[in-house]
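Chemist: Here it is: the structure, laid out below.
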Amino acid sequence: MTQLIFELSQQHRRAASQIPAANYDCSDIPAEFLRKTLPRLPEVSELDVVRHFTQLSQRNFSIDTHFYPLGSCTMKYNPRGVHRMAMLEGFLQHHPLSLEVHSQGFMACAYELQEMLKAVTGMRAVSLTPMAGAQGEFAGVAMIRAYHRARADHARDEILVPDAAHGTNPASAVQCGFKVREIATGSDGNMDIDALRAAVGPHTAGIMLTNPSTLGVFEQKIREMSKIIHAAGGLLYYDGANLNAILGKVRPGDMGFDVMHINLHKTFATPHGGGGPGGGPVAVGERLVPFLPVPMVQKTADGFRWLTETDCPETIGRLSTFMGNAGIILRAYFYARLLGREGLHRVAEFATLNANYLLAKLTAAGFTPAYVTRRASHEFIITLKNEAKTFHITALDVAKRLLDYGFHAPTMYFPLLIPECLLIEPTETESKQTLDAFADVLIKIMQEAKTNPALLQTAPHTLPVKRLDDVKAARELDLVYIQ
Amino acid sequence: MPFIPHTSEDIKQMLATINVVNIQQLFDEIPKDLLTADLSSLPLGVTEMELMREMRECANQDAGLQCFIGAGAYEHHIPAAVWDIVGRGEFMTAYTPYQAEASQGTLQLLYEYQTMMARLMDLNVSNASLYDGASALAEAILMAVRIQRKHQSHRVLIPRTLHPYYRQVIHAIVSQQNIELIEIAFNEKTGRTDQKALAAFDKQEITALVIPQPNFFGVIEEVDLLTDWAKTQNAIAVAVVNPLAMALLKPPGQWGKTGVDIACGEGQPLGVPLSSGGPYYGFLTCKKEHVRQLPGRIIGRTVDAEGKQGFVLTLQAREQHIRRAKATSNICTNQGLLVTASTIYMSLLGPEGLRQVALASHHQLRLLKEKVAQLADVKILFSSPCFHECVLQFKTPVKKILQALATYRIQGGFNLQPVYPELGECLLVCVTETKTSEDLEQFVRRLREAVSAVREVCV
Amino acid sequence: MSNVPKTLKYSKTHEWVRKDDDVFTVGITDHAQCMLGDLVYVELPEPEITLEFGQECAVVESVKAAADIYCPLSGEVVEINEALLEHPQLINQDPYGKGWLFRVRPFDNASNELLTPAEYSKQVASEAH
């Protein structure tokens, strides 16, 4: 067991070389404003710190150490060179409020990324500021609202989402003051077009979709859907969660979408960082350009300049203190440059090849795909409904057993429509040999389910902890360490 | 093929397994007229070596300047160990710790972070972070609105001494939900929030009062009075603070008779580089009774099947992936990697180190103020004590003074004229522990030259 | 097969109702607690407020799910089960007894929209397919 850093603490121990040593005085600040006792932070040496946190890191699965086929998360390799470039002193020490003349290096990169994202999405303009996919969604839906309001079309108070949508879609729509209506999915994985027709009307502000959908299949009637929504006066929002499946192949702008976000931490290989930072730039078609969030970068004959509220009076405003997750913007740009047009074109191809190969192998081995007749996109779903009944195991048990074999588990129980499901996304950066090894282990785990289901039910067995009691965690909240 | 490992033999075998003739066939469910993406306007790929060289030159364009700008992003020394450890792939390339058993490193670290942040603010609980300081304040306001859900309408008081960009961000985020943001004026002598302006709202139904410490001008606000006012009104007191300053100044949990309900702010000063404005992280802490309304990821300590200590994501039923349209927020990430940096930073500095960094920054600003006070045509604007940042007032355009300083490779501060035109020609200057006495001498000398150069041009 | 006591009435949204003199006691069914799993948190209505039939009035949460409780009749809340705030597991252990949620004094005899035990059992059975 790794002790908490607070348990390593020894009174008066310190990392002396990090502490300014002089005797400073603060007698100009009246005592009523001062802190009376020091904050109870750990008192440890530099070696204590380095060893503790290095040891903690070793209790993690990560892309750098394990295959991580987490569906809808696009856990592809995050190039080290990209990270090194973003950590160049000139970029790190650049203050966000430096004069434009002292910001041309960063602004050039940001501008070029804006242009590249326009090209791959088929959209008219891009703002890089949203700091994650969910904030991109918020920005996109806020722009839809601003668009209707600017036309004095106040009746449009409803956003449509598929029942299989990621939970952020309805949550973002509500944060923008909209009501949410769910549309059913047909048995083939496509949206039920009749249900969509019945749902639209003068109250429809727009629809939020991803394509390929969260079910891992391409929404084939997208053009028809786009006509239905547009005819009703609504707009189409594209959730970029699955952009990796079509990068360099299909452009959301060509499918009829009016606005979208791009997850830089998925499609553009920026590190997930244990849950963030991400990046969620938004791209829009002609109609929504005036409403884009600021700041953006403009290119002029005298160099790059910031576009702010003054230049964009109809903007939905500012979503971050400065320029969003600038370091992530740099990383996405470097990644796009390393790949170039020929490399970006291959992303969707090999992501799709890997997913379909793994699906074919698993189907041949007796696993049940959620959509038997459909081609996989960059990801696919298998359902363990039958295995669950026969062997009294769950998708969770299989996921936990995979950890024992050194594979991160796929996404479980999402989308909610498919019982006992695993959503598997191998990404283009994994080799055939890794996929083979993963398929072999899944097959082996099914053998274990037959012969010794307890092995699955009590997994994992080889990790630093056994299965954790999350009921206790929620009932007896212990969120901070009390000494 | 960059980052694609497939050999031609692999591809052949894989296509055979799928039973297709080529990769194109895998896209046969997509209508042909949609397969039209054209990337020809994009540049060709380059090697790492080529791009590294190009980017080194690009980064150097903006490098090598002395920085006296603060205004919400602060230059501090970051110990080498911090980003060496943060850069480990096990932290950097992991995802949200959904599989707790395979994520104990990240989870334990976040639990330690929550503990440190709660202690620094002297409040009961902390989440595992939000995007940045401004968006954390927006979430804090939405949280206050949920706590006060019985109010007929929602009016939130925002001092004009709050960072102008924070005011813009909260407006963009919360105004979508029929929440009224009311600006509270400041006293032009002290630079503090005006108690009289606040008194105009006595006995009215107010959802929350936002209290910055220090405020945007660096001025130390009368936080006890403000907190007590909020509590007598039954308004939620929301502190927005510089976390480093809280090692020196009274923490929000001790303000007034009861302490504040919620404290949030920008985590960047604790080990995160300036990096053009991000990625940073927002912290959000609160009293225990409000924990159900706290948005974002929260880590809890529990036990495993054998009774051994372990950590999990908890209170997830508040979140979008379960509650969907009824979630406390649409957020589904934290800024894990930046929190990793801050947790290591706070561990290295410890209680005394953090206080010393805050004190050194404060001390260096006092030195600067003493020197600037001797300059002609420069006035230190506010009489109140401040923390590591102060406002200088000039008789000539600040824009020109900044341009003149730039010729000496000095970034002189943040021009307040566009955001506070009522103050005239004012500059917000920041000094941290990174500036030596020689740096300050140099700054003041160059400032004197810049002021006189601009005066000559203007006359 | 879950327990559906013959003496109670039910709603389509898995609440049960029991008449005790002039007040009605409301809870969630054994089937509902079973589907939700171990409950970790309960949010109850404020005493003395009035509720409409079908109004969202409480929330029960497990680790992986949250469910809204819809009031199965119109009336005034006269009592809530405060023991649940500390011990939500009472609902799992005894859904029809110690796990009751709140008591309502109805405005009229509006419970005619409720299901009989047989009708509710049939609904549960059909949902399983």
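Chemist: Which of the residues that make up segment A:183-211 are at pLDDT below 95 and either among the basic types (Lys, Arg) or closer than 19 Å to A:Cys421 by Cα (or both)?
Modeler: Answer for segment A:183-211, where residues must be at pLDDT below 95 and either among the basic types (Lys, Arg) or closer than 19 Å to A:Cys421 by Cα (or both): A:Ala184, A:Thr185, A:Gly186, A:Ser187, A:Asp188, A:Gly189, A:Asn190.
Chemist: Tell me the residue from B:Ile322, B:Ile299 that is under 24 Å from B:Tyr95 (Cβ atoms), at the interface with chain A (Cβ under 8 Å from one of its Cβ atoms) and surrounded by fewer than 22 Cβ atoms within 10 Å (Cβ to Cβ), please. I'd like the intermediate steps shown before the answer.
Modeler: Working: B:Ile299 fails: surrounded by fewer than 22 Cβ atoms within 10 Å (Cβ to Cβ).
Answer to the check: B:Ile322.
Chemist: Taking into account only those residues within segment A:382-400 that are of a type in the set (A, V, I, L, M, F, W, C) and farther than 21 Å from A:Glu425 by Cα, which is surrounded by the most Cβ atoms within 10 Å (Cβ to Cβ)?
Modeler: A:Ile393
Chemist: With the condition kept exactly as written, say whether any residue in segment A:196-213 is within 23 Å of the chain's Cα centre (by Cα), facing chain B (nearest Cβ under 8 Å) and not charged (D, E, K, R).
Modeler: Here is the first cut: in segment A:196-213, the ones within 23 Å of the chain's Cα centre (by Cα) are A:206-213.
Adding the requirement that they be facing chain B (nearest Cβ under 8 Å) leaves none.
No, because not a single residue in segment A:196-213 is within 23 Å of the chain's Cα centre (by Cα), facing chain B (nearest Cβ under 8 Å) and not charged (D, E, K, R).
Chemist: Also, quick follow-up: Return a yes/no flag: does segment B:29-52 have any residue that is closer than 16 Å to A:Val347 by Cα, part of a helix (DSSP H, G or I), within 7 Å of chain A (Cβ to nearest Cβ) and β-branched (Val, Ile, Thr).
Modeler: No, there is no match, as no residue in segment B:29-52 is closer than 16 Å to A:Val347 by Cα, part of a helix (DSSP H, G or I), within 7 Å of chain A (Cβ to nearest Cβ) and β-branched (Val, Ile, Thr).
Chemist: Next question. Could we say that B:Leu365 is at the interface with chain A (Cβ under 8 Å from one of its Cβ atoms), modelled with pLDDT of 95 or more and open to solvent by less than 10 Å² (accessible area, probe 1.4 Å) here?
Modeler: Details: at the interface with chain A (Cβ under 8 Å from one of its Cβ atoms): no; modelled with pLDDT of 95 or more: yes; open to solvent by less than 10 Å² (accessible area, probe 1.4 Å): yes.
Answer is no for this residue.
Chemist: Going through B:Cys332, B:Cys390, B:Cys386 one at a time, which residue ends up being within 27 Å of the chain's Cα centre (by Cα) and under 30 Å from A:Gly279 (Cβ atoms)? Steps first, please.
Modeler: On the way: B:Cys390 fails: under 30 Å from A:Gly279 (Cβ atoms); B:Cys386 fails: under 30 Å from A:Gly279 (Cβ atoms).
Unique residue meeting the criteria: B:Cys332.
Chemist: Another question, if that's okay. Can you name the residue in segment B:378-418 that is assigned to a loop (DSSP other than H, G, I, E, B) and open to solvent by 50 Å² or more (accessible area, probe 1.4 Å) and is also farthest from B:Ala73 (Cα to Cα) among such residues?
Modeler: B:Lys395
Chemist: Please work out if A:Ala355 is under 20 Å from the mean Cα position of the chain (by Cα), open to solvent by less than 20 Å² (accessible area, probe 1.4 Å) and closer than 20 Å to A:Ser431 by Cα.
Modeler: yes
Chemist: Restricting to segment C:1-55, and then to whatever is small (Gly, Ala, Ser) and touching a residue at least 24 places away in the same chain (Cβ under 8 Å), can you tell me which residue is surrounded by the most Cβ atoms within 10 Å (Cβ to Cβ)?
Modeler: Ranking the candidates gives C:Gly27 first.
Chemist: Quick one: which of B:Thr432, B:Thr436 is modelled with pLDDT of 95 or more, within 12 Å of chain A (Cβ to nearest Cβ) and open to solvent by 20 Å² or more (accessible area, probe 1.4 Å)?
Modeler: B:Thr436
Chemist: With respect to the numbered conditions (1) open to solvent by less than 10 Å² (accessible area, probe 1.4 Å); (2) over 25 Å from A:Lys249 (Cα atoms), which one is the sole condition not fulfilled by A:Ala108?
Modeler: Unmet condition: (1).
Chemist: Among the residues that make up segment B:77-89, is at least one of them at the interface with another protein chain (Cβ under 7 Å from one of its Cβ atoms) and open to solvent by 50 Å² or more (accessible area, probe 1.4 Å)?
Modeler: Yes, segment B:77-89 contains a residue that is at the interface with another protein chain (Cβ under 7 Å from one of its Cβ atoms) and open to solvent by 50 Å² or more (accessible area, probe 1.4 Å).
Chemist: Picking from B:Leu338, B:Leu349, B:Leu367, which residue would you name as being in a helix (DSSP H, G or I), of a type in the set (A, V, I, L, M, F, W, C) and within 22 Å of B:Phe216 (Cα to Cα)?
Modeler: B:Leu367
Chemist: Still on this model: Report yes if A:Glu224 is of a type in the set (Asp, Glu), surrounded by fewer than 18 Cβ atoms within 10 Å (Cβ to Cβ) and part of a strand (DSSP E or B), otherwise no.
Modeler: It is false that A:Glu224 is of a type in the set (Asp, Glu), surrounded by fewer than 18 Cβ atoms within 10 Å (Cβ to Cβ) and part of a strand (DSSP E or B).
Chemist: In addition: Tally the residues that are in a helix (DSSP H, G or I) and not basic (Lys, Arg), restricting the search to segment A:33-61.
Modeler: 12
Chemist: Residues of segment A:87-113 being touching a helix residue (DSSP H, G or I) at 6+ places or on another chain (Cβ under 7 Å), facing chain B (nearest Cβ under 7 Å) and small (Gly, Ala, Ser), which ones?
Modeler: Within segment A:87-113, A:Gly90, A:Gly105, A:Ala108 qualify.
Chemist: Next question. If a residue counts only when it is within 30 Å of B:Ser8 (Cα to Cα) and within 11 Å of another protein chain (Cβ to nearest Cβ), which helices (runs of 4 or more DSSP H) contained entirely in segment A:420-483 have at least 1 such residues?
Modeler: Passing ranges, in order: A:432-451.
Chemist: In addition: Scan segment A:46-86 for residues that are open to solvent by 30 Å² or more (accessible area, probe 1.4 Å), more than 7 Å from chain B (Cβ to nearest Cβ) and farther than 30 Å from A:Leu435 by Cα and jot them down.
Modeler: Passing the criteria: A:Leu47, A:Asp48, A:Arg51.
Chemist: For the subset of segment B:91-124 comprising residues that are farther than 22 Å from A:Gly278 by Cβ and open to solvent by 10 Å² or more (accessible area, probe 1.4 Å), which member is farthest from the chain's Cα centre (by Cα)?
Modeler: Of everything passing the filter in segment B:91-124, B:Asn124 is farthest from the chain's Cα centre (by Cα).
Chemist: What's the total number of residues in segment C:83-106 that are out of contact with any Leu (no Cβ under 8 Å at 6 or more places or on another chain) and free of Cβ contacts under 8 Å to residues at least 40 places away in the same chain?
Modeler: 5
Chemist: Taking the condition of being surrounded by 24 or more Cβ atoms within 10 Å (Cβ to Cβ) and over 23 Å from B:Gln168 (Cα atoms), how many residues in segment A:310-343 meet it?
Modeler: Final tally of qualifying residues: 9.
Chemist: So how many residues does segment A:12-44 have that are under 17 Å from B:Val357 (Cβ atoms), of a type outside the set (D, E, K, R) and touching a residue at least 24 places away in the same chain (Cβ under 8 Å)?
Modeler: Count: 5.
Chemist: Same structure again: Would you confirm, using the coordinates I've provided, whether B:Gly265 is assigned to a strand (DSSP E or B) and facing chain A (nearest Cβ under 7 Å)? Let's see the steps before the verdict.
Modeler: Working: assigned to a strand (DSSP E or B): yes; facing chain A (nearest Cβ under 7 Å): no.
So B:Gly265 does not fit the description; no.
Chemist: For segment A:233-283, what are the residues that are in a helix (DSSP H, G or I) and either open to solvent by less than 10 Å² (accessible area, probe 1.4 Å) or not assigned by TED's automatic domain parsing to the domain that holds A:Ala119 (or both)?
Modeler: A:Gly240, A:Asn242, A:Leu243, A:Asn244, A:Ala245, A:Pro252, A:Met255, A:Leu264, A:Thr267
Chemist: Return yes or no: is A:Pro212 assigned to a loop (DSSP other than H, G, I, E, B), farther than 30 Å from B:Ile141 by Cβ, out of contact with any strand residue (DSSP E or B) (no Cβ under 8 Å at 6 or more places or on another chain) and open to solvent by 20 Å² or more (accessible area, probe 1.4 Å)?
Modeler: Numbers: assigned to a loop (DSSP other than H, G, I, E, B): yes; farther than 30 Å from B:Ile141 by Cβ: yes; out of contact with any strand residue (DSSP E or B) (no Cβ under 8 Å at 6 or more places or on another chain): yes; open to solvent by 20 Å² or more (accessible area, probe 1.4 Å): no.
In short, no.
Chemist: Here is a follow-up. Taking the stated definitions as given, is A:Phe414 more than 10 Å from every other protein chain (Cβ to nearest Cβ) and touching a residue at least 40 places away in the same chain (Cβ under 8 Å)?
Modeler: no
Chemist: Please indicate, with yes or no, whether at least one residue in segment A:325-338 is within 7 Å of chain B (Cβ to nearest Cβ) and not in a helix (DSSP H, G or I). Break it down stepwise before answering.
Modeler: Just the residues of segment A:325-338 that are within 7 Å of chain B (Cβ to nearest Cβ), to begin with: A:325-328, A:334, A:337-338.
After this cut, where a residue has to be not in a helix (DSSP H, G or I) as well, the list is A:325.
Checked against the condition, which is being within 7 Å of chain B (Cβ to nearest Cβ) and not in a helix (DSSP H, G or I), segment A:325-338 yields at least one hit.
Chemist: Quick one: how many residues across segment A:1-21 are in a loop (DSSP other than H, G, I, E, B), more than 7 Å from chain B (Cβ to nearest Cβ) and open to solvent by less than 60 Å² (accessible area, probe 1.4 Å)?
Modeler: Number satisfying all stated conditions: 1.
The values are calculated or read from the model by the stated rules, or taken from the named source; none is laboratory data. What you see is a predicted model; the values in this text were computed from it and never measured. Cβ sites come from the backbone with ideal geometry, for glycine too, and all protein chains shown count toward neighbours. Protein only, heavy atoms only, side chains kept; ligands, DNA and RNA dropped before computing areas. Shrake-Rupley method; radii C 1.70, N 1.55, O 1.52, S 1.80 Å.
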